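The values are calculated or read from the model by the stated rules, or taken from the named source; none is laboratory data. Note that the coordinates shown come from a computational prediction; the quantities given were computed from them, not determined experimentally. Heads up, the Cβs are rebuilt from the backbone with ideal geometry, glycines too, and the neighbour counts pull from every protein chain shown.
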C-alpha cells in the first residue's frame, strides 16, 4: 500500500507547477504587455519581453512560443500590426532553443534577437509601411530593452528556478 501523504504532496506539487506554468506562459505576458514606460519622443520600453524570456528559459522553445503569442497579442491589436506576434514568437522560440543548447541567457537573447531582426525589418517596412528611419531607431530601442531584460533575468534566475522546482 502506498503512503497517502506522498501522493497528496506530489499532487500538490504538480498543481503548483501547472499553475506556475500557466502564469508564466499566459497570464504574466498578458499582464506585462499592459505596462510600458515612455521616454525620448514617445519611444516605449515594453515589459512583456521579460515574460517571453523567462518562459523560454523555464520551459524551452514551447514556453517561448506561447509567451511570445500571449505577450504580443495586446500590442499587435492596439497597433494594428499582427506581424508583431510572429516576431515575438521567433524571439521566444529561438531564446528557448539557444538556452536548451547550453547558451547563457544573455547571449541566447541577443542571438534570438538577431534571428528576429530580419522578420522585424521586412514586416515593418513592407507590411506595416514604417519608414526605414523609424525601423532603425526601433531596432536600437528593442536591442537595449532585450539586453536589459536578459540582464535582469540572468541575475534573478537562480532564485526563480529554486521557486519553480
If we scan segment 132-144, do we find a residue that is under 13 Å from the mean Cα position of the chain (by Cα), within 26 Å of residue 19 (Cα to Cα) and at pLDDT 90 or above? no
From (1) outside any helix (DSSP H, G or I); (2) surrounded by 18 or more Cβ atoms within 10 Å (Cβ to Cβ); (3) modelled with pLDDT under 90, pick out the condition that doesn't hold for residue 71. (1)
Being touching a helix residue (DSSP H, G or I) at 6+ places or on another chain (Cβ under 6 Å), part of a helix (DSSP H, G or I) and modelled with pLDDT under 95: is that true of residue 91 here? no
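I need a count of the residues in segment 33-45 that are assigned to a strand (DSSP E or B) and either more than 15 Å from the chain's Cα centre (by Cα) or surrounded by 24 or more Cβ atoms within 10 Å (Cβ to Cβ) (or both).
Adding up the residues that qualify gives 5.
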Output for segment 62-76, where each listed residue is over 8 Å from the mean Cα position of the chain (by Cα) and under 15 Å from residue 35 (Cα atoms): 70, 72, 73, 74, 75, 76
Only residues that are free of Cβ contacts under 8 Å to residues at least 24 places away in the same chain and assigned to a helix (DSSP H, G or I): list them for segment 94-107, please. 98, 107
For segment 129-149, which positions are in a loop (DSSP other than H, G, I, E, B) and out of contact with any helix residue (DSSP H, G or I) (no Cβ under 6 Å at 6 or more places or on another chain)? 129, 131
